[in-house]
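Right, one structure below, let's go through it.
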Amino acid sequence: MPSHNLNSREGQSAAFVGKSTTAEECETLRKSLEESIRKLVRSPSEKAAKRILSLSVSLAQLYADGLLNNLEQKHRTNAEQELWKVCFYSAVEALRKQSGSAGPHSSVFRRYLLNLVQQAIDFYEELLDKYERKFGVNFSSYSRWPSNENGFPSEDLADCSISNSDPPVHDTNVLRSAQRHLIYLGDLHRYKVQNQQETMAKDFSEARRFYLRASSLELLNGHPFNQLAVIAFYEKTPVEMLFWYVRALSVRVPFEPARDSIETVLNNFRGPAVNFERWIWEQMESKENEMRGAQKKGLNGAIPNGEKRGKDGVRPRSKYIREVWIRPREEADKGEGEADAEGSGRICEGRGERRTDGGAIGRIFVGEQAKKNQKQAVQHILNTAGILISNIGTEQFKRSAECLLMELTAFVATDAILLTPLKFLQIMLIYAFPALSAKTGASQALVAEQKQSAFSTILNILERFLEMICDDIDQIGLFLLTGKLSKKFSRVLPSVCFVLNWLCVQQSLHSEFSSQLPLNDRLWHLFSVLCNNLQRLREGGELFECSLEHCKQHDRVNVLLPELVVASPFFKVLPKNPSAICFRSLPDENLSDLQFLAVHARFGLLLLIGKRFASDEGFTPLIFGLHGFESVPFELVPTATDFGENHLRRPLVAEEVADSLATESTSSRELSTSADESELKKKLLMDEQSSFTHHWIIEIRPKYLVPDTNTFIDHLGHIQRLVQSDQFTVLVPTIVIDELNCLALGAPIPPGSTLLSRELLTPEGSKAAVVMQRAKTAMEWLREMANSRRNGRISTATSNGNILHKLTFAIDGSTEQFKKRSNDDLILSVCVRLCDKLEKVGGGGAAALSSVASSAESTKLERTVVLLTEDRGLSAKAEAEKIPVRTMQSFVRWALTPEEGQTKRNKGTTEGD
């Protein structure tokens, strides 16, 4: 349409508004517009389309004047909706019908449609500007997340927001009226995108921005949340779609049509999710049966990843692993008498029974079908929540929930994933919804069961996430120092903060709330351990002091966490304005580092929640001294069930003892080989063994050691001792040599590096300088060994698992096929492929294993490759692949006596090259 036509219409509109605008004149325009719309609906009339464009904005201006002159009265009569439907919506629908027809004029009417949509967009933007001038309000000041243009936290949830001013206050009629206009403006941008040419990319970012702006003006209205779910539907993002529908129903003024939308979404998920779950269990059971059959026949059957795989690369569902470590000297002395082998440490550093629940699922998250399988797993996660929301398929919920925990564990541990930290948080909110919202028409018994199942699932997920945090609890001090979280922490910590804050608010509102929660002693024990550690960091000055309040003093800094902003408001539990974390004093250099503040705010919030729980006499799971965490640590309070049946607590105690034996600390007691400890380990294993159907027993005879980059940086001396001991062959992955070379040259640490970002500050220099110097030293030693005549004990290993005859510094061409994988995955690939070529199933070592596996069926593996790393993420992946893994310090303490290490070192010094 020519631009001068639009200008002429604007002039006509201005002239019209300048006259005495009576109700009769408005009614005349309205009838004319409705008649033109009817003509267009009956037949593709271009004349009617032109008249619609001319009349719609003119009539809209009359409605706008009425709103501006008498907002309160017009708002009560719902004039905003009338303006939208009469002036634009009906006309847009008529033009969409003709533009979507198969006739020859469809492209012509599409242009008219886009022109009308653009006119309407211009009208609403001008109207909102008039609102701001007329009523003295700045709508942008209501943005919930000012650092982002759309007013919503980013996917990584890495930053926080500073909020030192009170939320703006204005006439609610103005805000609610403007909210309606913003929703319609978002609808118009959505129509614009949907009716563009099919060759153009569908970008709904503008529509999303206006919906989010609308939600920020009146947070208690669910309508804008429902519109955000509509966008997620078109973008095919199922987590966001279900999340926004849930949010539309979890506010004071819920958008009731969203209930039907949720049912439709869940019905679409149900079939594929049930089939996927059935396929998962079938693959896991099939592989397990295959491995059992192979052992019964005495065959050297397939073993997990690194050996031959089953269908689609799915590993057997092996939940428990037992490792038997045999020193090289014990292997040499085996013929002299096996009776004393156990007493001399044959079963050393036994890990007990390690859970690898996520490993089986994680195997299908890599490879050619990874993206497809991840999408199906996401659908299954949402369908499991749908069982709670709809109460359909409750008979299979327990089995689905077990699969859910494995899927979430695998998603956290997988590098290339569909679930960002924001998506994890949205999933937690989806599962929290049925805990507070009963299905309409359900009986009281069904509602009680629904809420109990929802809370139990949330607590189980929270327990799993806290286990992941406590596994790396010693790294929290590093996170606080650097202001950066690891990938694992960044994924689970926001969700942990949301859930615990939500439970804390629930407890403050209803003192009997904790007594209604499902029992989960393990969860509260883990939370106690975390809080004790945070309190020690607080006392040491590593964790900044903070409080859960909004402080107005000029020297205080109020921080808003993105997870609390995303979750608020939530029914009557979380208010529309989330709680702020107030820091009393912060160094000036940290005030502008929002990521640094977010890390301290999150851990500070968890500590504050722990204190609130413990000081609340009505919260039964925890009790501790408020003024002395060291002297009076967190303790579990026995429940009534525990007093009556003490045996219910015994599995927990046994599990904790086994876990303590499995923990890789720096204590020398961990590697103790005394007869008493060996007997205790065996007893625990035998007591627990009868409860499970299958075990993996890995007999480890270390021969090939694979160190990662941080091991060269932090423990080069230990590597030298191992090489000089002549008992092991150190295999240096090519990717490790590449990383060391980059660090030695001062180049940035490559993305995905396995190098731990631990603080190495010294009085002599910065962290970067120290790392560079250590990398140079390591590279100099490697080059020296490459030219040495005694280099038989150190070689290079390629990503394909090939062992080169000497140290090589050339670029590994085989890494090209893995270029999209992270460096720790490449190092793991080296170990897996080495096992593929060097190891075997069953066979030797039966004598060493017979005393451990005499009462249960098991699959026996032999390993000679050991990964040496302090990277917890890489360690977890290696354990899932049944690759032996140790820290350098613990391995050296176990493998070499001080005399051996000193003798070999002296020998190497005197012999030279």
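Throughout, read-outs are computed from the coordinates displayed, never taken from laboratory work. From a predicted model like this one, the values you see are computed outputs, not experimental measurements. Quick reminder, even Gly has a Cβ in these numbers, built from the backbone with ideal geometry, and neighbours come from all protein chains shown.
For the pair residue 28 and residue 282, how long in nm is the line joining their label points, each one 7 Å along Cα→Cβ?
Rounded to a tenth, the inter-label distance reads 7.3 nm.
Karplus couplings for segment 261-269 from phi (6.51 cos²θ - 1.76 cosθ + 1.60, θ = phi - 60°), rounded to Hz, Gly and Pro as x?
For segment 261-269, the Karplus-derived couplings read 5, 4, 4, 5, 4, 5, 4, 5, 6 Hz, x marking Gly and Pro.
Hull surface divided by four, with the convex hull built on the Cα atoms of segment 421-637: how many nm²?
12.1
A 18 angstrom limit on the alpha carbon distance is what I want to check against. Which of 837/877; 74/576; 236/423; 236/371; 74/130 exceed it?
Cα-Cα > 18 Å for 837/877; 74/576; rest within.
Starting from 0.36 nm per residue, how many nanometres of slack lie between residue 275 and residue 805 once their C-alpha separation is accounted for?
Numbers: separation 530, 0.36 × 530 = 190.80 nm, distance 4.93 nm.
Taking residue 275 through residue 805 to full extension adds about 185.9 nm, to one decimal.
Give me the distance in nm between label points sitting 7 Å out from Cα along the Cα-to-Cβ direction at residue 726 and residue 70, one decimal.
In this crude spin-label approximation the distance works out to 10.4 nm.
Taking the number of other C-beta atoms within 10 Å as the exposure measure, put 34, 589 in order starting with the fewest.
So the ranking, lowest neighbour count to highest, is 589, 34.
Taking R0 as 35 Å, what's the FRET efficiency between residue 481 and residue 165 from their Cβ-Cβ distance, rounded to 0.05?
The formula returns an efficiency of 0.70 here.
Return the FRET efficiency for the residue pair residue 82, residue 452: r is the Cβ-Cβ distance, R0 is 56 Å, and the value is rounded to the nearest 0.05.
Efficiency, from the Cβ-Cβ distance: 0.75.
Starting from the Cα of residue 571, step 7 Å along the direction of its Cβ; do the same at residue 398; then give the gap between the two resulting points in nm.
My value for the distance between the label points is 2.5 nm.
Length gain on complete extension for the stretch residue 107 to residue 554, per 0.36 nm per residue less the alpha carbon to alpha carbon distance?
Going from the current span to full extension adds 154.9 nm.
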